[in-house]
Amino acid sequence: MEIIDEKLIKKVADEARKSPRLRMNYNFHKSLEDKCHRFLNALEPGTLIPVHHHPTKDETFVILKGKVRVTIYNDDGEVTQTCVVCQEEGIYGVNIPKNTWHGVECLEPSILLECKEGPFVEHEVDGILEIKKP
């Protein structure tokens, strides 16, 4: 049994602060080939997870600590929905259906518990949406 406690959260958050990307995963799955990926994702302010989609995979995350903004886009790069995920505001997580363009912005130091289907595929070749600027 692995316990998700303050000690583990602090360890992953410290690693995120030291990372050039300002984020760090702690995987519970043993291999990138596993059928189900479960992990902590520690994010620091300034972290932007680029707009991407998973053509065949749903993605779910629950916030354990902090605050992030999740933005959903249509195929033309236009914002269709946005949500601030934060326990204090009563919004605990999101489920993003497969083939949905989305991005995440860290608003304060945050820890997410994420789950999605494996195996890992680094943002599919067509996975990055070019956002149209006004």
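The values are calculated or read from the model by the stated rules, or taken from the named source; none is laboratory data. A quick note: this is a predicted structure, and the numbers were derived from the prediction, not measured. Neighbour counts run over all protein chains shown; Cβ positions are idealised from the backbone, glycine included. Calculation scope for accessible area: heavy atoms of the full protein, side chains included, ligands and nucleic acids excluded. Shrake-Rupley method; radii C 1.70, N 1.55, O 1.52, S 1.80 Å.
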**Request:** Taking H placed 1.01 Å from N in the peptide plane, check which residues at least 5 places from LYS57 or on another chain put their amide H under 5 Å from its amide H.
**Result:** ASN99
**Request:** Please give the contour-minus-distance gain from ASN95 to ASP58: 0.36 nm per residue of separation, less the Cα-Cα distance, rounded to one decimal in nm.
**Result:** 12.6 nm
**Prompt:** Which lysines does LYS30 reach when only Cα atoms under 29 Å apart count, and residues fewer than 8 places away in its own chain are ignored?
**Reply:** LYS7, LYS10, LYS11, LYS18, LYS57, LYS65, LYS67, LYS98, LYS116
**Asked** Tell me, what ³J(HN,Hα) does each residue in the stretch 50-61 have, in order and in whole Hz, if you take phi through Karplus 6.51 cos²θ - 1.76 cosθ + 1.60 with θ = phi - 60° and put x for Gly and Pro?
**Response** x, 4, 7, 9, 10, x, 10, 10, 6, 9, 10, 9
**Request:** Leaving out ligands and nucleic acids, note down the accessible area per residue over the chain with a 1.4 angstrom probe, in whole Å².
**Result:** 61
**Global size of the stretch 40-89 as Cα Rg and Dmax, reported in angstrom** = 12.1, 33
**Prompt:** For ILE9 and LEU48, FRET efficiency with R0 = 25 Å and r from the beta-carbon atoms, rounded to 0.05?
**Reply:** 0.70
**Request:** Enter the mean projected area of the convex hull around the alpha-carbon atoms of the stretch 1-44, in nm², rounded to one decimal.
**Result:** 3.5
**Request:** Grab the other residues whose beta carbon is less than 14 angstrom from that of LYS67, score K and R as +1, D and E as -1, and report the net.
**Result:** -3
**Prompt:** Any idea how far apart PHE28 and GLU78 come out in nm if each label point goes 7 Å out from Cα toward Cβ?
**Reply:** 3.9
**Request:** Compute the long axis of helix 6-18 from its Cα atoms, compare it with the longest principal axis of the Cα atoms of the chain, and write down the angle in degrees, 0 to 90, nearest 10.
**Result:** 50
**Complete:** In the chain the accessible area split gives carbon plus sulfur, as whole percent at 1.4 Å, a share of 55
